[in-house]
Structures are given as structure tokens and as C-alpha cells.
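The values are calculated or read from the model by the stated rules, or taken from the named source; none is laboratory data. Computed from a prediction, not measured in an experiment: that's the story for all the values here. Quick reminder, even Gly has a Cβ in these numbers, built from the backbone with ideal geometry, and neighbours come from all protein chains shown. Each accessible area value is taken on the protein alone, full model and side chains, heavy atoms only, with ligands, DNA and RNA left out. Shrake-Rupley method; radii C 1.70, N 1.55, O 1.52, S 1.80 Å.
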Amino acid sequence: MTDGCAPVHRSNEDAHVSSATETNKDDLEFLRDAVRSLPPQPVKDLLLNGVCTRCIFRLFCLHKQICSPSSMATRNLSSVLHELREHGNGANNGVRETNDLTDTGYVQEFEEEFVCRVCLGILQFVYSDGKGVLVEKNNAGDFAATIEDAVKKEGHEIDNFCLEVSLPPIVVEKEQAVWSYIEKKYSSESWFSEKFPSERIGVKDFLKLSVANPLEKLLDVKSNGSSFRICLTYTLSDASSKIEPLPESNGCSKRRKIDDSDVLKNCTGLHEVEKHNTVTNSSIESVDEGNGFLPFPLEKVNNCCSLISQCYKTSIYVGGRYLKYSRNVSQSRWIIDDERMGEASVEEIIGGSILPICQGDSYKFHAAGREDIDVRMLGTGRPFLVEIQNARQFPSDVLIKDMEMKINSLERNLVKVKNLKFLGSQGWVMMREGEAEKQKQYAALVWISRPLNDDDVLSLSSFKDMQILQKTPVRVLHRRSPLGREKTIHWMKVERVAGSSQYFMLHLCTQAGTYIKEFVHGDLGRTQPSVGSILGCRAEILQLDVTDVKMDCFQT
């Protein structure tokens, strides 16, 4: 363990790996076969410069050989690579014969740096958890088990999952620096084009390959595009690890030895370097083989990444139609200066009933238009969607019926719902597609300043698809842009009120987005024409009900 690292926490499962896992001969032999194909010199070079064994396999595109046996411990990987480092890659070239590659003395002699200079411990399964405790997992299977625990604690009902990984940008920079280093140093070697292909797998994709298979087995579901996401977010608070630019080669072979003054002599003369107390740390030692001296671009790393693992469900939707019977209920929660407007809201009544049944974190309410707090929503009802965020329970048909009954049986009967359905994201598309073209029907109680006569009734009823121009109403100018909007009044019908000559019911069908109150009274001339201007008198709207929202979605 390097300086600056907190004590490592290991669970009992990590500390006592089963003997079957430790001595899986088939996996070890499979790994040995892959290692024999690697060129020894660059492997030795990378090991000496603090690159972990998994990153070395990844750099040489042997990720399948590691990702398949997810129970392969880090010490086993390290052992097999160090055999290559010490004895070459020949089958009978002195490759160490042993029946136990986990021999403690042999492994500890070549133990890799605690935090890899390239992946920052990510592929070593070393990380700091959310409580600041440093954790080290033995292999991909053990790491996947911690993710499984997090999923189970959340209580999600899942049928598949999608694994997402977020890494600090410095990791990508380190990868690029090492690829460039190997290319510049070894590109003239015969093995280079075959063993070090141009298309390589990055840390993020390698981690996904390593973890996905054991996680599928633990969760007993498949990994594919899914509404359930498992997110692994790595962050690095101390990104001080520097990446030194590689010097351009001038054709001279140079040898570097580091002493107290870090003296470097060029190739123009003899390499005369005074030998003082040579620093023995492998982070600054180099080899003078291959294509000559080239300084390794990554410094030693003392701090690993912090990991936050989260799991969440993409939003689900419950759609239907609502009816509002009160003239003192707003559509959404309405608070002004810490004082509630109205006795309740449609949003809270419906969303508050659905959320606990779906066991979600929160909800959002969406509706096809809105009515004012003093306007009732009658007839077929208004289409709506409740978006449940991170729902742990998929609402079945039975649960949907329970939701509907729960809402419709509330004591005050302010709001009722009908035709509830569980929908995916297509519910949102359905509602938005129909909203722009929808028509609405209204019933308005109107008062005029003179008696209503038969000519007035005929005049209003004669209009078909009448175009009007509405400027933004005075009552909403404080929150909406001052624009002029053309709208269509499709038809009107007058119903006389018995016993009164100045009151009548106006039934009308309009284009979506028409301001009905302003169409009646004219809004100081901002709506033209209006009922008042057509009749040539003052007109006021006393009550308004929405009687139909003509949209195809959520019909019976």
C-alpha cells in the first residue's frame, strides 16, 4: 500500500476466497496461453512503471481472456504476467513450473503498485466509497457482488439492466499517453502491429465487460438496453498526477539515471553521470532496451478514485383523464407568499395517490392544457400523465384499478379520474402529438348589459370557424410574452336561461389555446372580435366549465 492511502476495508468474503476460485487450473492455463503470446520487454517495461496487470492485458487487447473468468484474483493475474517478465514467453524457455501460481512468496516479490498509474485503481477494483473508506475487491465477481447488494437494498423490481460508467477525464488522458509511449518506443519491433493493434478497448468498456457477466448471474437478469440503470460514477479529488509530454526522438540513444540532482547528459559525448544515492523507486527507474531510452509519461499515483454507485429506473407514466368538480382547486400546486391558493390541486390529489403505490422517489404532473382555478373540468375529462421517477414497482392492471379506486373514493370528491393506464415513454408522445390539434368545448354563463333578443341568438349561432386575434391577456402579461395569436372559434350555440333576459349559456367549440374569458368580454379590445363586440354591448363571463377535450388518447 502506498503512502497517503487509508487502511483497506475487506469483507470476509474478500479475505477468504474459496480454494476452488484460487486454484482454478483451467482458468490459469487459459490465462497462461494468452500471456505466452505477449512480447516480454514491453510487459516488463509497463510493470516496472506501475501499470496494473489488467491494464496490460487491455492494452494488448487480451480483454476476453481476463473478463471470462470473473473470479480470477488480482494476485493470479500478477503471477502469470511476472512469469513472462522473468522467463520470457517460450513454452520451455524457463517458464516457472508451479502447481500453485498464488504462492505467497513469489507473488509478493513482484506485487504491483497499489494504485495503477493508468486506470487509477478502477480495474484493480480499488476505490474510496461514499463514506471515505478505502475498499479493495479481489476480482470482478466480488466487485459485482457489492453492486448486487446496492440493487437489492433499493428494492427495485427489474427484468434486465443497463450498466453505465462515468470516469474522470484524466483517465482518458493517461490512456492516450501510454499508447503514445508504447508506439514511440516499440513501433519498429516485429511484434508491434500484430500485438498492439490500433483499435484498443478503454478503461470504461473494459470495466463493463468485466462486471456485466457476473452481475447478470447474481441478479439473474440480462444486461441490455433497459429502463433500469446501474450507474458507477468515479471521481478524483486529487488529479495532480502529471502527464509529461514525450520528447521527440532525435535518433540518439540516451540512458537516464536519477540521482539527487537528476542530472541528464545528452548523447553528444560520453554519458558521465555522478552516482550518488540512486533513487530506487520503480516509478522513476527506466530500462535501456527496445528503441532506446524514453521516459515513462505517468508519475506514481498515491490516491485512488472515489466511487458512487447508484441505481435508478427511468421514468414510467400513468395516464388517464381527470375531472374537476370544484371551483376552488387549481391544476398544479399554487403557493403565493407562502400562502396556498385554493383548497387543493389536481396534481397533488392524483400524483400523491399514485406515487406510494409505484414506490417512486418523486413525480411530475403533465396535462393536455390547463383550466383556471375557478373553472370546472367536466364531460370526458382532460388527458394527463403522471411521471413517476425511479419507480420500484411496475403498476400491474390490479394496481392501476387500486389507484383509480383510491382517488375516486376520496371524501371531498374534488377530483376523479377515469381510464387509467400504465404507459412507457410512448404515453408522453401520444399526448403531445394530439395536444396541438385538439379542440375544446365549453359551457359559459354570460351576462350582457342589455336584454338578449332572437337576432343575437341567430348572430352568434351563425358563426362557423371564425378567426379571431388575441393579444396576450392583461391578467397573464406578468408571466407571458406580449404576443398576438390567431385562434379559431369552430361554432357557438346559445341556450337561454329561464326567467332572465340578460343571462344565457354560451356553448362553444374552439381551437386549443383560446382564451375563453377574453373572447367573451374582449379584454379592453385585445381580443377581436369578441362576444361583446359582436352583440354591440358589454359582456361578462360569470362561470365557465370545460365540457370536452377532443383528443384520441386515454379514451374508453
Excluding ligands, DNA and RNA, the carbon-plus-sulfur percentage of the accessible area of segment 144-236 with a 1.4 Å probe reads 46
For segment 318-362, the per residue accessible area (1.4 Å probe, Å²) is 43
Computed over segment 291-341, the distribution of all Cα-Cα distances in 5 Å bins, rounded to whole %, is 4, 8, 9, 9, 7, 9, 8, 7, 6, 5, 5, 6, 5, 5, 4, 2, 1, 0
Quick shape check on segment 408-469: root eigenvalues a ≥ b ≥ c of the Cα gyration tensor, a/c under 1.5 is rounded, otherwise prolate if a/b tops b/c, else oblate, and it reads oblate
Quotient of Cα radius of gyration and Kirkwood radius for segment 449-497, i.e. Rg/Rh, equals 1.13
Taking PHE422, PHE554, PHE296 and ranking on accessible area (1.4 Å, protein atoms only), highest first, one gets PHE422, PHE296, PHE554
Surpassing 25 Å at the alpha-carbon level, of the pairs LYS222/LYS401; LYS44/LYS131; LYS222/LYS418; LYS153/LYS406; LYS137/LYS217; LYS131/LYS364, are LYS222/LYS401; LYS44/LYS131; LYS222/LYS418; LYS153/LYS406; LYS131/LYS364
Counting all Cα-Cα pairs in segment 290-404, those more than 22 Å apart amount in percent to 51
If N is the residue count of segment 410-556, its Cα Rg over 2.2 N^0.38 Å rounds to 1.19
Taking only C-alpha positions in segment 133-240, Rg and Dmax in angstrom work out to 17.5, 55
Packing-ranked peptide list from 449-458, 154-163, highest mean Cβ count within 10 angstrom first, is 154-163, 449-458
So for segment 487-536, using the alpha carbon gyration tensor with a ≥ b ≥ c as root eigenvalues (a/c under 1.5 gives rounded; past that, a/b versus b/c decides prolate or oblate), I'd call it oblate
Ranked output for segments 136-149, 480-493, 323-336 by mean other Cβ atoms within 10 Å, highest leading, reads 136-149, 323-336, 480-493
Using alpha carbon positions and the Kirkwood radius, the Rg to Rh ratio of segment 345-482 is 1.07
Residue by residue through segment 123-129, the couplings from Karplus 6.51 cos²θ - 1.76 cosθ + 1.60 with θ = phi - 60°, in Hz, x for Gly and Pro, are 7, 8, 6, 10, 7, 9, 7
Cα-only Rg/Rh for segment 189-235 with Kirkwood Rh rounds to 1.16
For the table LYS438/LYS471; LYS313/LYS438; LYS517/LYS550; LYS471/LYS550, the rows whose alpha-carbon distance is greater than 28 Å are LYS313/LYS438
Share of Cα-Cα pairs in segment 515-556 beyond 17 Å, whole percent, is 43
